[in-house]
Amino acid sequence: MVTRRQFVTGFSAIPVLSYLKFDSVFAATPASILVMAIQLDIITSLDPHESFESVGSEITGNMYQQLVKPKLTSPDEIEGDLALSWTASDDKKTFTFKLDPKAKWADGKPVTAEDAAFSLQRVVKLDKSPAYIINQFGYTKDNVDSMITATDAETLVIKTAAPASESFLLYCLTANVGSIVQKSACLANQAGEDLGNAWLKKNSAGSGAFKLRDWKVSESVILESNKNNPHAGKIQRIIMRHIIDPSAQLLMLQKGDIDIARNLTTEQLRPLLKDKNFTLVQKGIAGTFMLSANTAHPNLAKPQVWQAIKWAIDYENIQQHIVPLTHKIHQSFLPEGFPAAVNTIMYKRDVAKSKALLAEAGFPNGFEITLDHYSASPSSDIVQALQSNLAEVGIKVTLLAAESRQVLTKMRARQQQLAMTQWGADYFDPNSNAEAFCSNPDNTDAAKSRTLAWRCSWQDKSISDLSTQALKESDPATRIKLYEELQTKHMENSPFAIMLQPTMTAACRNVISGVVLTVMSTSPYEKVVKA
């Protein structure tokens, strides 16, 4: 039998994956190893130019750097990451970045402006889901090589098709899709013309504080410290275990099998609130929890149906009895804390009004529909309440539970009817969510911009035009008013029933310090210290 002493002293000689095979990790995990329980089933890829889910983005955010990044304490302020400085031309169409000549990849080779140019060109050429964040500056596969260039090893020049706000461009570059990847590694491992995409899904080629050791789908992610990053911390290895049941996460935390639990619900958080053996790190994040309708389905095509669904939901009961410590009621697409966010509660449960709207839409007796949702809590609990709410107005809902990535994959293919999902902002500007929720210039299956509106097969020209007007408005006060107007119209006339804004929680053993959670759903692991 392996003793704890033999395990700890002999760890370096044991393959790292064997650590995951123990039924119970010993009560005191090694000081250089951080063990975290977290739901990992939402991850579809760890290629930062493809990853578009919250957990995957958090992980890749620790493996890659961007040209610039938001300040941890003030996400509206931008600071350099790989870039030491930047300038804008008078016509606001050319932006020049000077890169840090000391920056290195995980393999020790220098990070160059050529890598940065390749990375942003790669985003456009791969054209994965998050590419629209970069494409909105006028890039295509045909022009991007000439518009984003490296003039020398430390100088990157980004040209835009039309004059662009410097702050808006910088905000977009802070998004996960703005990650800089190592050109030589991607090209050495490319299959056909995929620019290394298949390989980078499960490998890393970054300069961040950590590098990827292993990812097993819906099982584990293992990161190792990147000693070539100047910010590398004291934690040498992070083991993230996919534990879907929050109750199991709590038990493992209390036993000392894990150091941090990331998905505890209200029920599990309550016993920890006054327990001196644990600390709770919490942060309201720029996310929305919502029910959305695919308007391509005949039962979901009419605005009266969208309104009926919104009036049928018992928001207060769901928040107070299912998620009181982890979510608050919020109904606009901009989360509270964002510039221009509208925090008005427009909808409350009104069964009579909901039934009348259904009758007006031609469904006096309701209809049957399916609802795709994440199988994990709290989604699994919330959708049961929704099923009951909608049944009272005549809408019979069949619940379809699946792993998070399966729900998202189905929605990205526009195969859902109703779907319960969560959305997080990509950068700290109102357009981040306005673009996603309001814009759908091409509603065909071959569309280049596949926003949330596109996923729901929904177009509204007046809302889309107002979103564009707000984006281009140069006066800050006028811009805020336009976004406020946009949110009100969206709440009234869209197929999105936005319900809640989540609070992210990390429940930690008291030997853990330095855990940071941000409004943009990031967490710099290198700051964590384990006593």
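The values are calculated or read from the model by the stated rules, or taken from the named source; none is laboratory data. Bear in mind the structure is a predicted one, so any value in this text is a computation, not a measurement. In this analysis, Cβ positions are derived from the backbone assuming ideal geometry, glycine residues included, and neighbour counts consider all displayed protein chains. We work out accessible area using only protein heavy atoms, side chains counted, and drop any ligands, DNA or RNA first. Shrake-Rupley method; radii C 1.70, N 1.55, O 1.52, S 1.80 Å.
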Where a residue in the stretch 217-228 is farther than 20 Å from PRO110 by Cβ and its partner, wherever it lies, is open to solvent by 60 Å² or more (accessible area, probe 1.4 Å) and of a type in the set (S, T, N, Q), with Cβ under 8 Å and at least six apart: GLU224/GLN236
Being within 25 Å of SER45 (Cβ to Cβ) and part of a loop (DSSP other than H, G, I, E, B), is that true of even one residue in the stretch 386-405? yes
When the stretch 288-320 is checked residue by residue, the ones that are without any contact (Cβ under 8 Å) to a residue 40 or more places away in the chain and over 20 Å from LEU400 (Cα atoms) are ALA301, GLU316, GLN320
List pairs: first in the stretch 71-85 and farther than 18 Å from THR518 by Cβ and in contact (Cβ under 8 Å) with a residue 12 or more places away in the chain, second small (Gly, Ala, Ser) and surrounded by 14 or more Cβ atoms within 10 Å (Cβ to Cβ), Cβ under 9 Å, 6+ apart or cross-chain? LEU82/ALA103; LEU82/ALA116; LEU82/SER207; ALA83/ALA116
Residue count, the stretch 346-355, condition open to solvent by 50 Å² or more (accessible area, probe 1.4 Å), in contact (Cβ under 8 Å) with a residue 12 or more places away in the chain and either touching a Pro at 6+ places or on another chain (Cβ under 8 Å) or in a helix (DSSP H, G or I) (or both), comes to 2
Restricting attention to the stretch 69-95, the residues that are open to solvent by 70 Å² or more (accessible area, probe 1.4 Å), farther than 17 Å from ILE148 by Cα and either β-branched (Val, Ile, Thr) or assigned to a strand (DSSP E or B) (or both) number exactly 2
I'd like the full set of residues that are within 21 Å of the chain's Cα centre (by Cα), hydrophobic (A, V, I, L, M, F, W, C) and part of a strand (DSSP E or B), limited to the stretch 496-530. PHE496, ALA497, ILE498, MET499, LEU500, MET504, ALA506, ALA507
ASN317 - would you say it is of a type outside the set (A, V, I, L, M), buried (at least 20 other Cβ atoms within 10 Å of the Cβ) and closer than 21 Å to VAL383 by Cα? no
In the stretch 494-531, what residues are crowded, with 22+ Cβ neighbours inside 10 Å and touching a Pro at 6+ places or on another chain (Cβ under 7 Å)? GLN501, VAL519, MET520
Quick check on the stretch 442-456: of everything there that is farther than 17 Å from GLN415 by Cβ and touching a residue at least 40 places away in the same chain (Cβ under 8 Å), which residue is least open to solvent (accessible area, probe 1.4 Å)? SER449
Can you find even one residue in the stretch 274-282 that is in a loop (DSSP other than H, G, I, E, B) and β-branched (Val, Ile, Thr)? no
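Being farther than 30 Å from SER432 by Cα, buried (at least 17 other Cβ atoms within 10 Å of the Cβ), touching a residue at least 12 places away in the same chain (Cβ under 8 Å) and of a type in the set (Val, Ile, Thr) narrows it down to one residue among ILE285, ILE244, ILE258; which is it?
Numbers: ILE285 fails: farther than 30 Å from SER432 by Cα; ILE244 fails: farther than 30 Å from SER432 by Cα.
Only one candidate passes the filter, namely ILE258.
Has the stretch 461-472 got at least one residue that is under 23 Å from SER404 (Cβ atoms), of a type in the set (A, V, I, L, M) and under 24 Å from the mean Cα position of the chain (by Cα)?
No, every residue in the stretch 461-472 fails to be under 23 Å from SER404 (Cβ atoms), of a type in the set (A, V, I, L, M) and under 24 Å from the mean Cα position of the chain (by Cα).
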Residues ALA83, ALA103: which one is touching a Ser or Thr at 6+ places or on another chain (Cβ under 7 Å) and not polar (S, T, N, Q)? ALA103
Qualifying position, being over 18 Å from TRP423 (Cα atoms), in a loop (DSSP other than H, G, I, E, B) and either open to solvent by 70 Å² or more (accessible area, probe 1.4 Å) or touching a residue at least 24 places away in the same chain (Cβ under 8 Å) (or both), among PHE363, PHE333: PHE363
If we ask which residues in the stretch 212-224 are open to solvent by 10 Å² or more (accessible area, probe 1.4 Å) and either aliphatic (A, V, I, L, M) or closer than 14 Å to ASP47 by Cβ (or both), their number turns out to be 3
What do you reckon, is ALA188 under 25 Å from PRO110 (Cα atoms), open to solvent by 10 Å² or more (accessible area, probe 1.4 Å) and either over 20 Å from the mean Cα position of the chain (by Cα) or at pLDDT 95 or above (or both)? yes
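Restricting the stretch 152-171 to residues that are assigned to a loop (DSSP other than H, G, I, E, B) and of a type in the set (Gly, Ala, Ser), which is farthest from PHE52 (Cα to Cα)?
Here the residue is ALA153.
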Out of LEU273, LEU300, LEU269, I need the residue that is open to solvent by 10 Å² or more (accessible area, probe 1.4 Å) and aliphatic (A, V, I, L, M). Which one? LEU273
Scope the stretch 418-427; condition part of a loop (DSSP other than H, G, I, E, B) and either open to solvent by 20 Å² or more (accessible area, probe 1.4 Å) or in contact with a Cys (Cβ under 6 Å, 6 or more places away or on another chain) (or both); matching residues: ASP426, TYR427
